[in-house]
Amino acid sequence: MSSVHTSSACQRVLSIQELADSVASYLAPSDLFRCVQVHSSWNLTLIPSLWNTIDDSLYRWPEFIDEHNPHLPKEVKDPQDWMLAVFKKYGHHIRHLRISFLVTIEAAFASTHCVHLQSLGILFNQKLTKAEIRESSRMQSLRGGLSWPERQKLGEAGPFEAPEFEGAIIPAQILFRIKSVQRTDWITFQRSWLLVRRNRSLMALKIGQSLLTLGRISSPTVFIDLLAALPNLGTFEHNLHCLDGYQLLVRLAHLHSFSSMYYHVPEALDHRKTYKNIRSFGRPHAISQLHVAWILKDFPNLECLALGWIDTTQPSDPEAFRIIGNSPLKLRELRVASANEHRELNIWVEIISLCPELRRFVANNLTRQVVDTLVQHSRKLVELRQNRDDTPIVSIQYWTQTLNGLLESCPDLKILDCINCAVQVPDWEDEVWVCAGLETFRCQIVGFDRLSKEEERVLEDIAETRKAHQLLSFGGGRRQPVGKELRCLEQHYRMYDRLSALTSLRVIDLGGGYRDDMLLLDDNAPFYEVDGYEYLRYGGPMENSMELSLSSGLSRLATLRRIEVFGFEGVDHRIGKAELKWMATSWPRLREMRGLHVDTLPYIEFDLHKAVLRKYMRVLRPEVKQLGYGCRKDDGTEDEPPLLGPRTIRPWATVAPSSPTVAVAPRRQRSKALCCFVQ
């Protein structure tokens, strides 16, 4: 009887619509997918949330779309029926749509239901499908095909989908497209713009340069008029060279955020205009020093500026920044692709010195002068980020003390993401980190007096015969390792105390890819032999990095209960099973580790110790992902490194651990459209 009452109570709880509404905004699409299968009431309530945001490059969308490729022969598969049915059924729920496949454009337009979009991104990549690759290979053989000069000509045009497009567009180049694809692309190009025009509720629009592979714009005025007719459009980002940014800003007076690779600053002063409505501006391309100054002058209320790099082919203008004077700028965010060259360095330093309200600074390269300027002029900094995760970390210890100054001077700092930079272990107790609310700490910590292997052996020898308090009585060379070990331990305690006080930390990452992934290309690549097989010698971890053992003071980080990501790749960490067990218990929110992942570098020797630790951590916390440099995904299996030639051996065998059981509806009961949200 009690089970009946319990079941009835559960049904009543699941029927509370307010409960489902309150949790919907906190769930990822994959979680919402599971929730809609729990109860009919949840299905009805959560379906709009599930379809609110669609990105066809995520989850299983690419897999299903490839099954319904529009370039496959119709006798093989009906190209768009499935996608069209999906958008007819759920299109009215979609508010945010990011398109990476052409078939999605066709389905969204043809369904006539996708008319309530608030944001739209048309960013399909140019990666060929399997069918297109086969067709390209066939045409490239030129057996009865076109010559390369002929392929540079414009492709076939078809009917116009709207009368205003006549005379405003022309076909794209033929290249390796067959005639049927040329005609399809001609229609898709027009429907992309008609989809934009149909959604008058659009608040944000992003169009990639790849759209011009379908068609070309010969009369920009038509499309500028189309965009000007969107009353709510506040954010527009495009990389279409045929749409000049200056003309767009003149017509789209309601914009507050604009980004384009093709914004040309007018040279004539009588053509200049001030745009007080623009709060965010981006030009991710080469730009002259003078144009940077004019942008800051033309957008007086600018809060976010994203630029590429300074065009060093143009002469330097030392008087450029007199245009903006010495008045403080309102910039709160500055993103630059490069801040390394001397001429670039001076410009960014000049800008930062005028930004007392700067909250966020992002650059591919950071230099001592830039960080020094941030410390001096931008004490309200919240985020400092270096976008260099795609390259191995390099040691830059010659200016490490600069980051210490940042930690001691910026109380609002929450994100320090500079894995290619380093923090020096504090030398004095009175050096206080004032950023108590720091949430992300991604940088190297260096300067520890770590023992060499020879010194470790000396210390072990004398420790076997003497008690700890007697070790200092040794003289000569045998006493030196003892003092060094004590200094190193004191340094670790000091650093652990600094970190343990940052109780808001969610991410601690102390290293990255420290090995040269291009080493194989070296003519004198350092191979070594083990049991008749040759491997590449990539080198060991970073010297004088932080030890992460319990004996060094790791347990002092027990105060960091919010830790979600912990990284130690490239660090001489000395982590063992005891440390992993402590982490699994002390950090309940841990979801990702970086440092125990499977090595995928060519000709790298299998690391048995790392494999044992990786397997042990999977037993302790199977949900924790094992990621790292060059590792894009952790699916829970013990994959072996790829076999590259006769020099590599794979003498090991591993068994994938069983995955946790997830209660979902039987496959036959699921909608195929909903399965797109499965990871």
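Among all residues of the range 596-603, there is none that is closer than 15 Å to Glu579 by Cβ, modelled with pLDDT of 90 or more and surrounded by fewer than 17 Cβ atoms within 10 Å (Cβ to Cβ). Against the conditions (1) part of a loop (DSSP other than H, G, I, E, B); (2) closer than 30 Å to Lys330 by Cα; (3) not basic (Lys, Arg), Phe281 satisfies every one except (1). Could you list, in sequence order, the residues of the range 567-594 that are at pLDDT 95 or above, β-branched (Val, Ile, Thr) and either surrounded by 19 or more Cβ atoms within 10 Å (Cβ to Cβ) or not in a helix (DSSP H, G or I) (or both)? Answer for the range 567-594, where residues must be at pLDDT 95 or above, β-branched (Val, Ile, Thr) and either surrounded by 19 or more Cβ atoms within 10 Å (Cβ to Cβ) or not in a helix (DSSP H, G or I) (or both): just Ile575.
Of all residues in the range 527-557, those that are hydrophobic (A, V, I, L, M, F, W, C), touching a helix residue (DSSP H, G or I) at 6+ places or on another chain (Cβ under 7 Å) and over 16 Å from Ile575 (Cα atoms) total 1. Considering only residues in the range 429-461 that are in contact with a Leu (Cβ under 6 Å, 6 or more places away or on another chain) and either at pLDDT below 85 or of a type in the set (Phe, Trp, Tyr) (or both), the one that is surrounded by the most Cβ atoms within 10 Å (Cβ to Cβ) turns out to be Phe441. Within the range 614-632, the set of residues being over 21 Å from the mean Cα position of the chain (by Cα) and surrounded by fewer than 20 Cβ atoms within 10 Å (Cβ to Cβ) comprises Lys615, Tyr616, Arg618, Val619, Leu620, Arg621, Pro622, Glu623.
Can you say whether Val292 is farther than 26 Å from Ala107 by Cα and hydrophobic (A, V, I, L, M, F, W, C), as far as the supplied structure shows? In short, yes. When Phe236 is tested against the conditions (1) outside any loop (DSSP other than H, G, I, E, B); (2) buried (at least 19 other Cβ atoms within 10 Å of the Cβ); (3) at pLDDT below 95, the lone failure is (3). Taken over the range 484-515, the criterion of being of a type in the set (Phe, Trp, Tyr) and either within 18 Å of Asp449 (Cα to Cα) or touching a Cys at 6+ places or on another chain (Cβ under 6 Å) (or both) is satisfied by Tyr493, Tyr496.
The values are calculated or read from the model by the stated rules, or taken from the named source; none is laboratory data. All of these numbers come straight from a predicted model, not from anything done at the bench. Methodologically, a virtual Cβ is constructed for each residue, glycine included, from the backbone with ideal geometry; neighbour enumeration extends over all protein chains shown.
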